[in-house]
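Here's the structure we're looking at; comments come further down.
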Amino acid sequence: MRIDRHFNKKLLFILLILNLTVSRKSSAQINGSLFMLADNLYAQMHNPSYMRTDDATAFSVAGLGGFSFMNQGNFKISDLITTNSGGNPVIDFDNFYENISTNNFIRQDLSVPMAFVSIPINKGVLSFYYKEYFSSVLKFKQDIVEFIVNGNYAPDYRNFNSDAIKLLTLGYREFAFNYSKHVNKKVDVGLRAKLLFGAAMVKTDNWNYGIRTNENGDIVTLTSGGNGQLMLPVSLMVRNDSTIYGVNSENSVAKYMTAYQNPGLAIDLGVTFQISENSIFSAAIRDLGGIWFRHYSNNMRQDISYDFEGFDIMSAVRYPEEPGYTNPAELVTLVKENVRLVYHPVAMETNYVHGLAPKTVLHYQYRYSNQYSFGITNQSAFQKNNFQNILTLSAVQSWPNLSVFENVNLHGVSDISLGGGIQFEGDFLQAFLATDNLIAFYHPAANKTFSVTAGMCFLLNHKKEVHFKSGNKGFQKRKGKISKELPFYEELGKLPN
């Protein structure tokens, strides 16, 4: 027992340090309390070693598998989009500028399982799911909003530089095949292989736009620069010089849903270890892999400037018959085209591999009684030099068919949110709803960070059970019908020797 307590203290210390050393927000994570429920289909998607410990077969189809939506940012959407006196939404840059910091970001992730099935086999579980995934991350400086609000007034705002706009938008579909196995009465392991298909991607690295004026004020120089990658399920419209001026958007939704020309591979690994009769620890690493973009895929480049000196109307005030005459409409069109070219990047067809952001999950759970459990979960995401993290403290109350949980979430050291959720499991179905920010249900736009995860699946060959007990085959539960006079049991099934 002393070893158990010492291990618990060390684990708690490590998870806290992981969270306190970062100040960014998590990426593509689910509510940490769901890891308290090993039979939850979303928890099983995020940890390959999680599985049902009964003989039930679980399955779900599109429309029932639910969704998981996450919004993270260092500002509230309501800072930018406010309502006027008539109650209509309006964009208020002044209010936005007054509330944002020097460095800003907003991230949104949406995943929708279209199919899920879990089947017991031998001493483990074989599962499969198909999921649509979409995410977008935008990072920008305060300078952009400052320019929009204050303009280009001399002398303070004579020159403007957007200073490194970064954008990553990614959409892909995922077909996953998973096998989880009871190694012995202490350890469960899981391995998942995933076949990926990229459907869309837009990436800009340090995109920079500038406006410079000379000392005399008679020339305005427009500049743009940056590199990136672009893949859309529709063809681009380009000029002879390879600059992009539009896209062919006909049947774009159908083309997105049928985009299978950009394949990829990834694996997930997971392990669950039973420390004692009442304590378990689990760990998982996900998305080790990438996507090979080879269809409609392009490198983007911008490095151009234009000196705008106004309109030289001398040639336009002559008679049309005079030499050197220029039609005023043509003159305006020419200047507009030169300005427009500054903001049209050059596209070059190429193949490239985009690596996914690896993600880790560390979870510790202590069962205080058959009804009450407590846990701590740390989720991290790694991409280039960015390390993003969220720590969740959870409490779960469990009854034969119902689990209710509450959580406190630490998003780095800058934000704390209170969440909760519920899961119902009957003889033939499981349904759940979870959020890491209960207040966001009332006003999502007024919160910097919130997530919502929901879903439902059907169950076959399912028997009612109480909370886990250790057995010879991993984390099995006592089986048997539960009487009205809890906590007594009738027709109690025997545990294996």
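Every number here is computed from the coordinates shown, using simple stated rules; none is lab data. These numbers were taken from a predicted model, which means no experiment stands behind them. Note that each Cβ is placed from the backbone with ideal geometry, even for glycine, and that neighbours are counted across all protein chains shown.
Return the whole-Å distance between the Cα centroid of region 339-379 and the Cα centroid of region 203-277.
Spelled out, the Cα-based centre of one part sits 18 Å from the other.
Calculate the spin-label point distance for residue 216 paired with residue 438, positioning each point 7 Å from the Cα along the beta-carbon direction, and give it in nanometres.
6.8 nm
Taking θ as phi - 60°, what are the ³J(HN,Hα) couplings along region 265-278 by the Karplus curve (6.51, -1.76, 1.60), each to the nearest whole Hz, with x for Gly and Pro?
Listing the rounded values in order: 9, 7, 10, 10, 10, x, 8, 10, 10, 8, 5, 8, 4, 10 Hz.
From the phi angles alone, apply the Karplus equation (6.51, -1.76, 1.60; θ = phi - 60°) to region 91-105 and give each ³J(HN,Hα) in whole Hz, x where the residue is Gly or Pro.
Those phi angles translate into 8, 10, 5, 4, 5, 5, 5, 6, 10, 8, 9, 5, 10, 9, 8 Hz.
Using the count of nearby Cβ atoms within 10 Å as a rough guide to exposure, how do 137, 61 rank from fewest to most?
Final ranking by Cβ density, sparse to dense: 61, 137.
Is the shape of region 171-293 rounded, prolate or oblate, going by the alpha carbon gyration tensor and its root eigenvalues a ≥ b ≥ c, with a/c under 1.5 for rounded and a/b larger than b/c for prolate?
It comes out oblate by the Cα gyration axes.
Can you put 292, 207 in order, fewest other beta carbons within 10 Å first?
Fewest-to-most Cβ neighbours within 10 Å comes out as 292, 207.
With 10 angstrom as the radius, rank 376, 81 by how many other C-beta atoms surround their C-beta, starting from the fewest.
81, 376
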